[in-house]
Amino acid sequence: MAEPVLQLSDLRKSFGALKATDGVSLDLRGGEIHALIGPNGAGKSTLIHQICGSIRPDSGTIRFLGEDMAGLDMAARVRRGLGRSFQISSLAPEFSALRNVMLAVQARQGSSFRFLRPVASDGSLTGPAMTMLERVGLEARAKVPAAELSHGERRQLEIAIALALGPKAFLFDEPMAGLGPEGSKRLTGFLDGLRHEAPILLVEHDMDAVFALADRISVLVYGRIIATGTVAEIRSDPEVRRAYLGDAA
Amino acid sequence: MTALSRETLVSALLLVLLVAIPVAATMVGEPFYVTLATRIAILALAAVGLNIALGLGGLVSFGHAAFFGLGGYVAGIFATHAFNGEPLPFGLAATTSMPVIWLSAMALCGLVALPIGAISLRTSGVYFIMITLAFAQMIYYFAVSWPSYGGEDGLSIYVRNSFPGLNTAQPLPYFLLCLGVLVAGLVLFQLIKGSRFGTALEASRQNPTRLAAVGIAPFGIRLVAFAVSAMVTGLAGALFADLNRFVSPSMLSWHMSGELIVLIILGGKGRLFGPLAGAMVYVLFEYALGGITERWQFFLGLILLGVVLFARGGLLGLLAGKARHG
């Protein structure tokens, strides 16, 4: 078996007496969707922050494509191929949808210290950016400032930006949040095909989506992974049922 | 679309006014108004520089007087050494040639801005404002206490520095020269704003986390913007010293930093012609009300209050509507 794309080993992070991450080991393999679920306060966000580089773990390692990520900030991790979306949409609100994606295209090309050539007429930026908007079905709203997009459209734009980075792994933090059943269904179908481009670590509360998409599921409770397995294994795991799923399963 | 073309129209009108007044004043033999217009052009250029950091990058530098003053001292020191026939420190030949002086002023300001920016940009918000102020005050007190170049009394430029093919001692040619540099500064601002760098810089103002999440570290973008901004303001400082034929620590003081911010807020921050609109209103106010009362700044304060409360886009926002992004 090839080395996993992303590998967390014995990751620990405490805030005072609270062990937000308590010895988490987890991996993401090529071609899979690995869902991370857990009740509120389980430490999912803290874990995401550590993977992205905005919180430094107390101990343990995060390896991405075989490289230790310790000491790399968020931007450096993204440049190495970690594409993320945010739990709460994080966009440049004054820029149009298209220009938000163009920013990602320009970042991927690695050339932000160019001062003179106008981006508006730069086909090497607008072309790929438009393609990404078309992929998420947002092309008709390309010229609209991000601040004026609906909630659902902003979620789509987040995905388009992550796609434009051409990442080696996706990290999606509750992409379905606030989408409604119709939107969730469409996004579920979209993510289903996306796993072949790059594996996805999916943090999600929408259990229908998780069960439909995940190759593997890890359950995080009080900072610990209490179970990792296939959908069937997780559904039937008594400890998971007790801690988390309750009657939903 | 209409808002955009209206902004272009208003901007063109401002430029025409700026050119027409001194030309007309020269024809009727009122050179004072030429000096007034030159002052507007130079202050506008200084604010165009600050507008790169403040308007595009959201970096509220309360220390840009440092660069304005440094530019001024470069002009003054070059002129003094050339007048006395002494070489400059480090064995450089003194010259009264403005292009050399401008490049020197810009180079110095860029070099000084890098360490100041590198330290200041580790903070944000009110701390950034305070730390840039602190650096500027350090340079101010250094100038006050350094006797070689006049200390507190400042430094006179006996003969205005020269520009090839132009009689800079005459008000109108010097105005046209400053106007040309202002236009060059405006073109640079517009190019930066529309470029990849400008996109990253504006994104760093709107949402630095978003910028980092596409793989661009905001720090480097901001640092370069701060340095470029300082260079343009420093160039304006060199022109200002030559206009007054005098440079003193007051060019370095925090009043000056505040004045530059006021020009931008008044005119419309982040907008191409905001600094020019702000400088026009400021200088005309200073002249018109300054003749009536010493307390003209009280009335300026009222206007500023009105702008901040009711016209966030500044005067340009009022005249030309809300700014639109591509």
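Here are the numbers for the structure shown:
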item	result
Selection count, the range A:97-113, where residues are surrounded by fewer than 24 Cβ atoms within 10 Å (Cβ to Cβ), facing chain B (nearest Cβ under 7 Å) and either within 19 Å of A:LEU171 (Cα to Cα) or in contact (Cβ under 8 Å) with a residue 40 or more places away in the chain (or both)	0
Exclusive hit being hydrophobic (A, V, I, L, M, F, W, C), in contact with a Leu (Cβ under 7 Å, 6 or more places away or on another chain), surrounded by 14 or more Cβ atoms within 10 Å (Cβ to Cβ) and farther than 30 Å from A:ARG99 by Cα, set B:ILE139, B:ILE131	B:ILE139
From A:GLY137, A:GLY123, residue being over 28 Å from A:ASP192 (Cα atoms), of a type outside the set (Ser, Thr, Tyr) and out of contact with any Leu (no Cβ under 6 Å at 6 or more places or on another chain)	A:GLY123
From A:THR21, A:THR61, residue being open to solvent by 30 Å² or more (accessible area, probe 1.4 Å), more than 18 Å from the chain's Cα centre (by Cα), at negative phi and β-branched (Val, Ile, Thr)	A:THR61
Among (1) surrounded by fewer than 23 Cβ atoms within 10 Å (Cβ to Cβ); (2) under 22 Å from the mean Cα position of the chain (by Cα); (3) within 12 Å of chain B (Cβ to nearest Cβ); (4) over 15 Å from B:ALA203 (Cα atoms) - the single one A:SER150 does not satisfy	(3)
Out of B:PHE285, B:PHE298, sole residue that is open to solvent by 10 Å² or more (accessible area, probe 1.4 Å) and under 21 Å from B:PHE32 (Cβ atoms)	B:PHE285
Unique match (being β-branched (Val, Ile, Thr) and not in a helix (DSSP H, G or I)) among B:VAL34, B:VAL48, B:VAL19, B:VAL60	B:VAL60
Any hit, the range B:220-239, residues being of a type in the set (Ser, Thr, Tyr), within 14 Å of chain A (Cβ to nearest Cβ) and either open to solvent by less than 10 Å² (accessible area, probe 1.4 Å) or not in a helix (DSSP H, G or I) (or both)	yes
Verdict on B:LEU284 being in a helix (DSSP H, G or I), more than 19 Å from B:ALA53 (Cβ to Cβ) and aliphatic (A, V, I, L, M)	yes
Residue match in the range A:67-85 (condition: over 21 Å from A:LEU194 (Cβ atoms), within 20 Å of the chain's Cα centre (by Cα), more than 10 Å from every other protein chain (Cβ to nearest Cβ) and acidic (Asp, Glu))	yes
Total residues in the range A:9-18, condition over 14 Å from A:ILE55 (Cα atoms) and of a type outside the set (Ser, Thr, Tyr)	4
Those residues of the range A:147-165 which are in a loop (DSSP other than H, G, I, E, B) and either assigned by TED's automatic domain parsing to the domain that holds A:GLY53 or touching a residue at least 60 places away in the same chain (Cβ under 8 Å) (or both), in sequence order	A:LEU165
Which numbered condition A:SER54 fails, given (1) open to solvent by less than 50 Å² (accessible area, probe 1.4 Å); (2) within 9 Å of another protein chain (Cβ to nearest Cβ); (3) over 30 Å from B:ALA323 (Cβ atoms); (4) of a type in the set (Gly, Ala, Ser)	(1)
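The rows are residues; the columns are (1) under 18 Å from B:VAL74 (Cα atoms); (2) buried (at least 19 other Cβ atoms within 10 Å of the Cβ); (3) at the interface with chain A (Cβ under 8 Å from one of its Cβ atoms); (4) not β-branched (Val, Ile, Thr).
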| position | (1), (2), (3), (4) |
| --- | --- |
| B:SER162 | yes, yes, no, yes |
| B:GLY165 | no, no, no, yes |
| B:GLY180 | no, no, no, yes |
| B:ALA184 | no, no, no, yes |
| B:VAL187 | no, no, no, no |
| B:LYS193 | no, yes, no, yes |
| B:ARG196 | no, yes, yes, yes |
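The values are calculated or read from the model by the stated rules, or taken from the named source; none is laboratory data. Because the structure is predicted, anything quoted here is derived from the model rather than measured. Cβ coordinates were reconstructed from backbone atoms using ideal geometry, including for glycine residues, and neighbour counts include every protein chain displayed. When the accessible area is computed, the model is the full protein with side chains, heavy atoms only, and any ligands, DNA or RNA have been set aside. Shrake-Rupley method; radii C 1.70, N 1.55, O 1.52, S 1.80 Å.
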